[in-house]
Amino acid sequence: MSVDNTNQWSVRGEFAEACNCSAPCQCLYGEAPDDDECTGALFWHVEEGEYDGAELDGLTVGVLLYDEGILFEGDWRVVFLLDDRADEAQAAALEAVFTGQAGGVMGAVAELVGDVRAVETVPIAYSRDEDHVSIAAGEVAAVEADLIEGFGEVPGEVSPHPVTAPSMAVTTGKSATATVSYDEEFSWDVSGNNAFLGEFEYEGE
(Lines give C-alpha, C1' and ligand atoms only; values in the text may rest on other atoms or scores of the structure.)
Protein backbone atom coordinates (compact mmCIF):
# COMPACT_ATOMS: atom_id res chain seq x y z
CA MET A 1 0.00 0.00 0.00
CA SER A 2 1.19 3.51 -0.72
CA VAL A 3 1.42 5.84 2.25
CA ASP A 4 0.16 9.42 2.19
CA ASN A 5 1.06 11.10 5.45
CA THR A 6 1.15 14.67 4.20
CA ASN A 7 -2.05 15.64 6.02
CA GLN A 8 -2.42 16.40 9.70
CA TRP A 9 -5.22 14.22 11.03
CA SER A 10 -6.46 12.54 14.16
CA VAL A 11 -9.10 10.00 15.13
CA ARG A 12 -10.08 8.56 18.47
CA GLY A 13 -12.84 6.33 19.74
CA GLU A 14 -13.68 2.77 20.75
CA PHE A 15 -12.29 -0.50 19.43
CA ALA A 16 -13.74 -4.00 19.56
CA GLU A 17 -12.79 -7.35 18.08
CA ALA A 18 -13.99 -10.93 18.24
CA CYS A 19 -11.94 -13.89 17.01
CA ASN A 20 -11.82 -17.69 17.06
CA CYS A 21 -9.25 -18.15 19.82
CA SER A 22 -10.25 -19.12 23.34
CA ALA A 23 -10.13 -16.13 25.69
CA PRO A 24 -7.68 -14.56 26.05
CA CYS A 25 -6.24 -14.74 22.55
CA GLN A 26 -2.71 -16.17 22.46
CA CYS A 27 -1.81 -14.58 19.12
CA LEU A 28 -0.63 -11.43 20.90
CA TYR A 29 2.11 -13.51 22.54
CA GLY A 30 3.51 -14.93 19.32
CA GLU A 31 1.70 -18.25 19.61
CA ALA A 32 -0.27 -19.93 16.84
CA PRO A 33 -4.04 -19.38 16.96
CA ASP A 34 -6.54 -22.13 17.70
CA ASP A 35 -6.74 -24.54 14.74
CA ASP A 36 -3.71 -22.66 13.30
CA GLU A 37 -6.10 -20.15 11.69
CA CYS A 38 -7.07 -16.65 12.76
CA THR A 39 -10.61 -15.63 11.88
CA GLY A 40 -11.68 -12.34 13.35
CA ALA A 41 -13.82 -9.24 12.95
CA LEU A 42 -12.43 -5.91 14.18
CA PHE A 43 -14.30 -2.61 14.47
CA TRP A 44 -13.35 1.00 15.19
CA HIS A 45 -16.07 3.45 16.19
CA VAL A 46 -14.85 7.02 15.72
CA GLU A 47 -16.06 9.32 18.49
CA GLU A 48 -14.04 12.27 17.25
CA GLY A 49 -11.97 12.51 14.09
CA GLU A 50 -10.90 14.66 11.18
CA TYR A 51 -8.89 13.92 8.06
CA ASP A 52 -8.19 16.40 5.25
CA GLY A 53 -11.21 18.50 6.21
CA ALA A 54 -13.59 15.54 6.52
CA GLU A 55 -15.28 15.20 9.92
CA LEU A 56 -15.51 11.52 10.91
CA ASP A 57 -17.41 11.72 14.21
CA GLY A 58 -19.87 8.86 14.73
CA LEU A 59 -18.69 6.70 11.82
CA THR A 60 -17.55 3.09 12.13
CA VAL A 61 -15.05 0.95 10.19
CA GLY A 62 -14.67 -2.82 10.23
CA VAL A 63 -12.09 -5.36 9.09
CA LEU A 64 -12.64 -9.05 8.45
CA LEU A 65 -9.34 -10.86 9.01
CA TYR A 66 -8.15 -14.28 7.93
CA ASP A 67 -4.63 -15.53 8.57
CA GLU A 68 -2.82 -18.85 8.88
CA GLY A 69 -0.04 -19.53 11.37
CA ILE A 70 1.66 -16.93 13.57
CA LEU A 71 -0.27 -13.66 13.32
CA PHE A 72 2.72 -11.33 13.36
CA GLU A 73 4.42 -13.14 10.50
CA GLY A 74 1.94 -11.29 8.31
CA ASP A 75 0.32 -12.20 5.00
CA TRP A 76 -3.11 -11.32 6.37
CA ARG A 77 -6.10 -11.48 4.05
CA VAL A 78 -8.64 -8.78 4.85
CA VAL A 79 -11.93 -7.23 3.79
CA PHE A 80 -12.56 -3.61 4.81
CA LEU A 81 -16.05 -2.50 5.76
CA LEU A 82 -16.90 1.20 5.49
CA ASP A 83 -19.91 2.84 7.16
CA ASP A 84 -22.57 3.56 4.52
CA ARG A 85 -23.42 6.85 6.25
CA ALA A 86 -20.08 8.28 5.11
CA ASP A 87 -20.16 10.66 2.15
CA GLU A 88 -17.52 10.45 -0.58
CA ALA A 89 -14.94 12.54 1.28
CA GLN A 90 -15.53 10.74 4.57
CA ALA A 91 -15.30 7.32 2.93
CA ALA A 92 -11.99 8.29 1.31
CA ALA A 93 -10.71 9.56 4.67
CA LEU A 94 -11.74 6.40 6.53
CA GLU A 95 -10.09 4.23 3.90
CA ALA A 96 -6.88 6.29 4.03
CA VAL A 97 -6.63 6.09 7.82
CA PHE A 98 -7.71 2.52 8.46
CA THR A 99 -5.97 0.84 5.54
CA GLY A 100 -2.76 2.52 6.69
CA GLN A 101 -2.30 4.75 3.65
CA ALA A 102 -2.15 7.78 5.95
CA GLY A 103 0.56 6.26 8.16
CA GLY A 104 0.35 6.27 11.93
CA VAL A 105 -0.39 3.11 13.91
CA MET A 106 -2.39 1.60 11.07
CA GLY A 107 0.46 2.30 8.67
CA ALA A 108 2.57 -0.14 10.68
CA VAL A 109 -0.26 -2.66 10.87
CA ALA A 110 -0.72 -2.44 7.09
CA GLU A 111 2.71 -4.01 6.62
CA LEU A 112 1.22 -7.27 7.91
CA VAL A 113 -1.52 -7.28 5.26
CA GLY A 114 -0.77 -9.42 2.23
CA ASP A 115 -4.06 -9.17 0.37
CA VAL A 116 -6.92 -6.68 0.58
CA ARG A 117 -9.73 -8.75 -0.90
CA ALA A 118 -12.29 -5.95 -1.02
CA VAL A 119 -13.45 -2.63 0.38
CA GLU A 120 -17.20 -2.80 0.94
CA THR A 121 -19.72 -0.19 2.03
CA VAL A 122 -22.32 -1.53 4.45
CA PRO A 123 -24.64 -0.17 7.16
CA ILE A 124 -22.84 -0.49 10.49
CA ALA A 125 -24.66 -0.15 13.82
CA TYR A 126 -22.39 0.18 16.87
CA SER A 127 -23.35 0.56 20.51
CA ARG A 128 -21.61 0.07 23.82
CA ASP A 129 -23.23 0.00 27.25
CA GLU A 130 -20.51 -0.15 29.91
CA ASP A 131 -19.25 -3.77 29.73
CA HIS A 132 -21.22 -4.83 26.64
CA VAL A 133 -20.70 -4.06 22.96
CA SER A 134 -23.09 -4.73 20.09
CA ILE A 135 -22.13 -4.42 16.42
CA ALA A 136 -24.05 -5.26 13.27
CA ALA A 137 -22.50 -4.72 9.83
CA GLY A 138 -25.43 -5.30 7.52
CA GLU A 139 -25.76 -8.98 6.66
CA VAL A 140 -21.96 -9.38 6.76
CA ALA A 141 -20.98 -9.47 10.42
CA ALA A 142 -22.48 -9.45 13.90
CA VAL A 143 -20.71 -9.18 17.26
CA GLU A 144 -22.11 -9.21 20.79
CA ALA A 145 -19.44 -9.29 23.47
CA ASP A 146 -18.91 -8.62 27.16
CA LEU A 147 -15.93 -7.92 29.36
CA ILE A 148 -14.82 -10.83 31.50
CA GLU A 149 -13.43 -10.50 35.00
CA GLY A 150 -10.27 -12.16 36.21
CA PHE A 151 -8.67 -12.55 39.63
CA GLY A 152 -10.15 -10.16 42.18
CA GLU A 153 -13.15 -9.55 39.92
CA VAL A 154 -11.08 -7.15 37.83
CA PRO A 155 -11.23 -7.31 34.02
CA GLY A 156 -7.91 -8.34 32.51
CA GLU A 157 -5.99 -5.96 30.26
CA VAL A 158 -3.61 -6.52 27.37
CA SER A 159 -0.92 -4.03 26.33
CA PRO A 160 0.45 -3.52 23.82
CA HIS A 161 -2.21 -4.48 21.30
CA PRO A 162 -1.22 -4.11 17.63
CA VAL A 163 -4.03 -1.76 16.62
CA THR A 164 -4.04 0.56 19.63
CA ALA A 165 -1.46 3.12 20.64
CA PRO A 166 1.45 1.67 22.67
CA SER A 167 0.31 3.63 25.72
CA MET A 168 -3.19 2.13 25.64
CA ALA A 169 -4.58 -1.22 26.76
CA VAL A 170 -7.50 -3.36 25.67
CA THR A 171 -9.71 -5.27 28.07
CA THR A 172 -10.31 -8.98 27.72
CA GLY A 173 -13.80 -10.12 26.84
CA LYS A 174 -15.82 -12.99 25.46
CA SER A 175 -18.27 -13.00 22.60
CA ALA A 176 -21.84 -14.23 22.79
CA THR A 177 -22.13 -13.71 19.03
CA ALA A 178 -19.29 -13.50 16.51
CA THR A 179 -20.44 -14.34 13.00
CA VAL A 180 -19.22 -13.38 9.53
CA SER A 181 -20.87 -14.18 6.21
CA TYR A 182 -19.17 -12.50 3.28
CA ASP A 183 -17.93 -15.19 0.90
CA GLU A 184 -16.63 -18.76 1.10
CA GLU A 185 -13.35 -17.79 2.75
CA PHE A 186 -14.73 -15.04 4.98
CA SER A 187 -17.54 -16.99 6.57
CA TRP A 188 -17.50 -18.25 10.16
CA ASP A 189 -19.29 -18.53 13.48
CA VAL A 190 -16.79 -18.23 16.33
CA SER A 191 -19.27 -17.21 19.01
CA GLY A 192 -18.26 -17.90 22.59
CA ASN A 193 -14.59 -17.12 22.12
CA ASN A 194 -12.13 -14.27 22.61
CA ALA A 195 -13.07 -10.61 22.39
CA PHE A 196 -11.15 -7.42 23.12
CA LEU A 197 -12.73 -4.07 23.99
CA GLY A 198 -10.82 -0.85 24.28
CA GLU A 199 -10.07 2.61 23.00
CA PHE A 200 -7.87 3.89 20.19
CA GLU A 201 -6.23 7.16 19.27
CA TYR A 202 -4.35 7.67 16.01
CA GLU A 203 -2.83 10.75 14.43
CA GLY A 204 -0.56 11.81 11.63
CA GLU A 205 1.30 14.88 10.46
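The values are calculated or read from the model by the stated rules, or taken from the named source; none is laboratory data. In this text the structure is predicted, and so the values were computed from the model without any measurement. Because the Cβ atoms are built from the backbone with ideal geometry, glycine has one as well, and the counts that use them run over all protein chains shown.
Scanning the range 142-164 for residues that are outside any loop (DSSP other than H, G, I, E, B), surrounded by 13 or more Cβ atoms within 10 Å (Cβ to Cβ) and either among the aliphatic types (A, V, I, L, M) or at positive phi (or both) yields 142, 143, 145, 147, 158. Taking the conditions (1) at pLDDT 95 or above; (2) over 18 Å from residue 65 (Cβ atoms) in turn, residue 119 satisfies each one other than (2). Of all residues in the range 43-63, those satisfying the criterion of being over 23 Å from residue 196 (Cα atoms) and in a strand (DSSP E or B) are 50, 51, 54, 55. Is it the case that some residue within the range 123-134 is surrounded by 17 or more Cβ atoms within 10 Å (Cβ to Cβ), aliphatic (A, V, I, L, M) and either in contact with a strand residue (DSSP E or B) (Cβ under 9 Å, 6 or more places away or on another chain) or not in a loop (DSSP other than H, G, I, E, B) (or both)? Yes, because at least one residue in the range 123-134 is surrounded by 17 or more Cβ atoms within 10 Å (Cβ to Cβ), aliphatic (A, V, I, L, M) and either in contact with a strand residue (DSSP E or B) (Cβ under 9 Å, 6 or more places away or on another chain) or not in a loop (DSSP other than H, G, I, E, B) (or both).
Confirm whether residue 167 is assigned to a loop (DSSP other than H, G, I, E, B) and over 18 Å from residue 21 (Cβ atoms).
It is true that residue 167 is assigned to a loop (DSSP other than H, G, I, E, B) and over 18 Å from residue 21 (Cβ atoms).
Here is the figure for the range 170-201: residues that are more than 13 Å from residue 22 (Cα to Cα) and part of a loop (DSSP other than H, G, I, E, B) total 5.
What are the residues in the range 77-104 that are surrounded by 21 or more Cβ atoms within 10 Å (Cβ to Cβ), without any contact (Cβ under 8 Å) to a residue 60 or more places away in the chain and within 17 Å of the chain's Cα centre (by Cα), if any? Listed by number, the residues that qualify are 78, 82, 83, 94, 98.
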